[in-house]
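The values are calculated or read from the model by the stated rules, or taken from the named source; none is laboratory data. From a predicted model like this one, the values you see are computed outputs, not experimental measurements. Note that each Cβ is placed from the backbone with ideal geometry, even for glycine, and that neighbours are counted across all protein chains shown.
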Amino acid sequence: MAHVDIFATAAGAPLPSDRVMDGVDLVKLARGEAQGHPHGAIFWRSGPYRSILADDWKLQVMDRPAKTWLFDMKADPTEQHDLAAARPEKIAELSAILFAHERQMVLPIWPSLIEAPIPVDHPLGVPPQTGGEYVTWAN
């Protein structure tokens, strides 16, 4: 489940049919009337940072600076072992899905006011160390 499901689940009205909708209605799952995974994949996008979670794999792609991470979430749920260098075929597979999805999306209607580095796996109250992992988060 993802935040995009809130509108589809809580709207109580037909969803627009003139555009691709990411969210799905989760009412039957919540009531126990259906089972399974509501999404084949879940996507995130914020400015130069994009991510996909599909089939127990998570791919993260960042443009500024150029960086790619790949994690096997079933074997490594806390994302400690980046497999990007070892699994280029999985990166190609997930990238194709991610960028096909992105081509369906409308562009943001307003630009980000700021892009900031957000340290990965680092407490916000502690100054980041030079050379630590980060993502560029647009807001």
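Only one of Ala100, Ala92, Ala96, Ala138 is under 30 Å from Met21 (Cβ atoms) and in contact (Cβ under 8 Å) with a residue 60 or more places away in the chain; which?
Numbers: Ala100 fails: in contact (Cβ under 8 Å) with a residue 60 or more places away in the chain; Ala92 fails: in contact (Cβ under 8 Å) with a residue 60 or more places away in the chain; Ala96 fails: in contact (Cβ under 8 Å) with a residue 60 or more places away in the chain.
When all the criteria are applied, what remains is Ala138.
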_Lone qualifier among Gly32, Gly131 - being part of a loop (DSSP other than H, G, I, E, B) and assigned by TED's automatic domain parsing to the domain that holds Thr9_ = Gly32
*asked:* Can you tell me which condition Asp121 does not meet? The list is (1) in contact with a Phe, Trp or Tyr (Cβ under 9 Å, 6 or more places away or on another chain); (2) farther than 26 Å from His37 by Cα; (3) among the acidic types (Asp, Glu), and all the others hold.
replied: (1)
*For Trp69, state whether it is touching a residue at least 12 places away in the same chain (Cβ under 8 Å) and either outside the structural domain of Arg45 (by TED's automatic domain parsing) or in a loop (DSSP other than H, G, I, E, B) (or both).*
no
*Kindly indicate the residue of the range 48-58 that is in contact with a Lys or Arg (Cβ under 8 Å, 6 or more places away or on another chain) and surrounded by 19 or more Cβ atoms within 10 Å (Cβ to Cβ) and also nearest to Leu98 (Cα to Cα) among those meeting that condition.*
Ile52
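A quick yes/no check of all residues on (1) surrounded by 12 or more Cβ atoms within 10 Å (Cβ to Cβ); (2) within 15 Å of the chain's Cα centre (by Cα); (3) closer than 29 Å to Thr130 by Cα:
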position: Leu15; (1), (2), (3): yes, no, no
position: Asp22; (1), (2), (3): yes, yes, no
position: Glu33; (1), (2), (3): no, no, no
position: Glu115; (1), (2), (3): yes, no, yes
*asked:* Out of everything in the range 112-126 that is of a type outside the set (Val, Ile, Thr) and modelled with pLDDT of 80 or more, what residue ends up being farthest from Arg64 (Cα to Cα)?
replied: Gly125
*Go over the candidates Ala85, Ala75, Ala54 one by one and state the one that is farther than 25 Å from Ser112 by Cα, in contact with a helix residue (DSSP H, G or I) (Cβ under 8 Å, 6 or more places away or on another chain) and aliphatic (A, V, I, L, M).*
Ala54
